[in-house]
Amino acid sequence: MNQVPAIETRDLTIRFGGTVAVDGVNLKVETHRLKSIIGPNGAGKTTLFNLISGQYKPTSGQVFLNGSDVTRLDAASRTTLGIGRSFQLTNIFPSLSVLENVRLALQSKSGVGMVFWRHWRSYTELEDQAYTLLTHVMLEERWSHTASTLTHGEQRKLEIVILLGLDPQVLLLDEPTAGMSIEEVPSILEIIQEIKAARNRTILLVEHKFDMIMTVSDTIAVLKEGRLICDDTPEAVSMNAEVQAAYLGGGVKHD
């Protein structure tokens, strides 16, 4: 019996005026696997993410989470059901400490919520959990620092930890290395590989660094002008003539 995909789209389409940004995409993301989405600029990668996470409503088509139709649900409802999404621009609370950023995610997941009169020391268990999560990305020594003082690479790490604090079944990572220096990229790659190796979360990744995509992906989906033109193993995708013509300029380009 075939396993139900963690994420599935059926004929997913969105139009902005006369422009078709995502055009009839049928995509399956198998449970506890890592699928990357690549394509030239303007191919519809982030728009597809917005449709899956609920930021956008499709013109037509459907989105399924673990076999259940979530097309009509908003982004907050999909988050509650287990979809966690990062953005190209860092999405953190810059004026709060590193630990507080993660603790708030844990509070949200646990249903504790914000109680403004309650002192932070009464959240001891959540603080401990937050600190443990920070150790996974080597930010534990920065726990008391204001998030705005972190380097860009550290802020991207923090964003991933915040997502993990929400304990999502599905992680949507939109260009997690965007804006990073070459020296900072390996640390994010290592984090993604560790999450993948645990095999308890499904990961959908948009990334421009082709070498990184080839290293971490189980499968790769390729978009061109909003259409899905290939969905296969990294090896098969790199050899696909249509992919090479559309995305790689006729040959595999490595960063």
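The values are calculated or read from the model by the stated rules, or taken from the named source; none is laboratory data. Because the structure is a prediction, the values reported are computed rather than measured. Here Cβ is always computed from backbone atoms with ideal geometry, including for glycine, and neighbour counts include all displayed protein chains. To get the accessible areas, we keep the full protein, side chains included, count just its heavy atoms, and leave off ligands, DNA and RNA. Shrake-Rupley method; radii C 1.70, N 1.55, O 1.52, S 1.80 Å.
Could you please find all residues in the range 126-158 being charged (D, E, K, R) and within 18 Å of Pro176 (Cα to Cα)?
Passing the criteria: Glu154, Arg156, Lys157.
Taking the options Ser108, Ser86, name whichever one is crowded, with 18+ Cβ neighbours inside 10 Å, at pLDDT below 95 and of a type outside the set (A, V, I, L, M, F, W, C).
Result of the check over Ser108, Ser86: Ser86.
For residues in the range 131-155 being within 20 Å of the chain's Cα centre (by Cα) and assigned to a helix (DSSP H, G or I), which is farthest from Val185 (Cα to Cα)?
Leu133
Against the condition in a helix (DSSP H, G or I), of a type outside the set (Gly, Ala, Ser) and at pLDDT below 95, how does Thr80 come out, does it pass?
So Thr80 fits the description; yes.
Considering each residue of the range 198-235, count those that are farther than 16 Å from Glu30 by Cβ, part of a helix (DSSP H, G or I) and without any contact (Cβ under 8 Å) to a residue 24 or more places away in the chain, and give that number.
Residues in the range 198-235 being farther than 16 Å from Glu30 by Cβ, part of a helix (DSSP H, G or I) and without any contact (Cβ under 8 Å) to a residue 24 or more places away in the chain: 1 in total.
Take the residues in the range 168-224 that are open to solvent by 50 Å² or more (accessible area, probe 1.4 Å) and of a type in the set (A, V, I, L, M), then tell me which one is farthest from Gly39 (Cα to Cα).
Ala198
Quickly run through the range 21-41 and pick out the residues that are on the phi < 0 side of the Ramachandran plot and at pLDDT below 95.
Scanning the range 21-41 gives Ile38, Pro40, Asn41.
Can Ser148 be described as farther than 25 Å from Val70 by Cα, open to solvent by 20 Å² or more (accessible area, probe 1.4 Å) and touching a Pro at 6+ places or on another chain (Cβ under 6 Å)?
yes
Quick one: which of Val206, Val222 is within 13 Å of the chain's Cα centre (by Cα) and within 20 Å of Asn41 (Cα to Cα)?
When all the criteria are applied, what remains is Val206.
Would you be able to say whether some residue in the range 156-163 is open to solvent by less than 60 Å² (accessible area, probe 1.4 Å), among the acidic types (Asp, Glu) and at pLDDT 90 or above? Let's see the steps before the verdict.
Keep residues of the range 156-163 that are open to solvent by less than 60 Å² (accessible area, probe 1.4 Å), which gives 156-163.
From the residues that got through so far, the ones that are among the acidic types (Asp, Glu) too are 159.
Among the residues that remain, those that are also at pLDDT 90 or above are: 159.
Yes, the range 156-163 contains at least one residue that is open to solvent by less than 60 Å² (accessible area, probe 1.4 Å), among the acidic types (Asp, Glu) and at pLDDT 90 or above.
Condition first: more than 15 Å from Val206 (Cβ to Cβ) and among the hydroxyl-bearing types (Ser, Thr, Tyr). Now tell me which residues in the range 1-55 satisfy that.
Thr13, Thr19, Thr31
Identify, by number, the condition in (1) without any contact (Cβ under 8 Å) to a residue 40 or more places away in the chain; (2) charged (D, E, K, R); (3) farther than 21 Å from Leu173 by Cα that Asp23 doesn't meet.
(1)
Of the residues that sit in the range 6-23 and are more than 23 Å from Thr215 (Cβ to Cβ) and either hydrophobic (A, V, I, L, M, F, W, C) or touching a Lys or Arg at 6+ places or on another chain (Cβ under 7 Å) (or both), which one is surrounded by the fewest Cβ atoms within 10 Å (Cβ to Cβ)?
This residue is Phe16.
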